[in-house]
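Below is one structure, written out as structure tokens; the observations come after it.
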Amino acid sequence: MVRLIHSLTLISTLTFLNSSALGDDGGDKLSILTDDASRQILFKRIIEAEEKEPDLPGKPFKLNGSFTFPQNAEVDDKKPREKSYFGVDISHHTNPSINFQNFKQQKISFVYAKATQGTKFKDGKFAEYYSALAELPSNRRLLRGAYHFLTAEGDGGDQADTFVNFVSSNGGFGDQDLPPVVDLEWDAWKDNPDRWQNKTPDYIVGTALAFLNRVEERTGKVPMLYTTVSWWKERNIPVAEFKKFSHFKLWIADYSKSSRAVEAPSVFPNSTWHIWQFTSSARVTSGYSKALDANIFKGTPEEFKKFFGVALP
């Protein structure tokens with residue numbers, strides 16, 4: 001009888017540990033996002049912030065042009081593109097009609113999908129998108145990645161656990177998947193004020209670093225920070241603070257004048273960007289009829305593979 005009780009206790013303990021490691025019910029306790037700001041809403045905030053800050057490092061751009069896959073990904077200004085590797089990012093705001101089958105043939109090589117926000121919310125489309133990307137045939141395969149939207153409310157480490165647990169229950173971070181990403185910008189629902197505005201620079205930087213460090217600790221992958229210089233300026237965070245993030249990869253958001261990714265984005269002093277989100281209104285020839293966020297890595301496919309440590313599709 002004692003042995004039976006001991007065995008049951010051991011099983012119960014292991015079950016609890018496994019449940020904690022995997023995120024309990026795999027995200028069932030998380031609420032589905034409905035009122036979070038879309039990329040288009042946040043895009044407007046970037047433009048507005050850049051217009052108020054003429055002294056931003058680099059030159060801020062306004063979106064005047066258009067970008068269509070695969071035409072502009074292959075040729076620009078009548079010249080063949082070189083060292084340009086493209087991707088898009090999506091969320092539940094993306095129309096569910098999206099079809100990834102022909103994206104590779106249109107010079108799109110990777111897709112990032114929103115997974116979670118804060119400690120209470122999940123993207124209701126993530127599981128579907130992440131699975132669809134994994135199931136593409138080898139000749140159409142795209143690299144996939146997951147990102148988390150960091151909120152002003154909630155410990156950075158706790159938010160990281162929410163993110164890692166949820167993604168782990170929906171396919172995880174495999175050897176062929178891109179690095180995890182944290183999105184650090186305006187924490188605003190629709191047109192509401194940025195909830196970071198009442199937080200100190202130390203709190204903001206500390207929360208972001210806690211998230212990144214926890215994700216690296218749990219996944220073994222060096223995560224990436226998605227942000228924009230104009231938001232840092234608006235939150236009065238000294239740009240010198242950015243040196244604390246030098247260990248992590250940088251995905252910069254800045255919208256080009258031509259929307260063709262031929263300029264250079266506005267970046268932090270003495271920093272190097274790795275992916276540039278240069279437009280939120282890109283179009284594809286087939287597979288989706290609405291606008292998409294477009295991103296570029298300035299390098300060859302082999303350089304991309306080496307830098308991110310993934311196998312190319």
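The values are calculated or read from the model by the stated rules, or taken from the named source; none is laboratory data. It should be emphasised that the depicted structure is a prediction, and the values quoted were computed from it without experimental measurement. Neighbour counts run over all protein chains shown; Cβ positions are idealised from the backbone, glycine included. Quick note on the areas: whole protein, heavy atoms, side chains included, nothing else; ligands and nucleic acids left out. Shrake-Rupley method; radii C 1.70, N 1.55, O 1.52, S 1.80 Å.
Residues in region 92-112 that are assigned to a loop (DSSP other than H, G, I, E, B), open to solvent by less than 50 Å² (accessible area, probe 1.4 Å) and touching a Leu at 6+ places or on another chain (Cβ under 8 Å): HIS92, THR94, PHE100, PHE103. Comparison of ALA188, ALA210 shows that the only residue that is among the hydrophobic types (A, V, I, L, M, F, W, C), modelled with pLDDT of 95 or more and either assigned to a loop (DSSP other than H, G, I, E, B) or closer than 15 Å to PHE163 by Cβ (or both) is ALA210.
The condition of being at pLDDT 95 or above and in contact with a Pro (Cβ under 6 Å, 6 or more places away or on another chain) holds for GLN106. Would you call LYS120 among the basic types (Lys, Arg) and at pLDDT below 95? The answer is no for LYS120.
As for region 130-142, it holds no residue that is touching a residue at least 24 places away in the same chain (Cβ under 8 Å), buried (at least 24 other Cβ atoms within 10 Å of the Cβ) and either under 22 Å from ASP35 (Cβ atoms) or not basic (Lys, Arg) (or both). Inclusion of GLN117 among residues that are within 16 Å of the chain's Cα centre (by Cα), farther than 27 Å from ASN95 by Cβ and open to solvent by less than 10 Å² (accessible area, probe 1.4 Å) is not warranted. For region 281-301, state whether one or more residues are open to solvent by 30 Å² or more (accessible area, probe 1.4 Å), part of a helix (DSSP H, G or I), in contact (Cβ under 8 Å) with a residue 60 or more places away in the chain and closer than 23 Å to PRO179 by Cα. Taking every residue of region 281-301 in turn, at least one turns out to be open to solvent by 30 Å² or more (accessible area, probe 1.4 Å), part of a helix (DSSP H, G or I), in contact (Cβ under 8 Å) with a residue 60 or more places away in the chain and closer than 23 Å to PRO179 by Cα.
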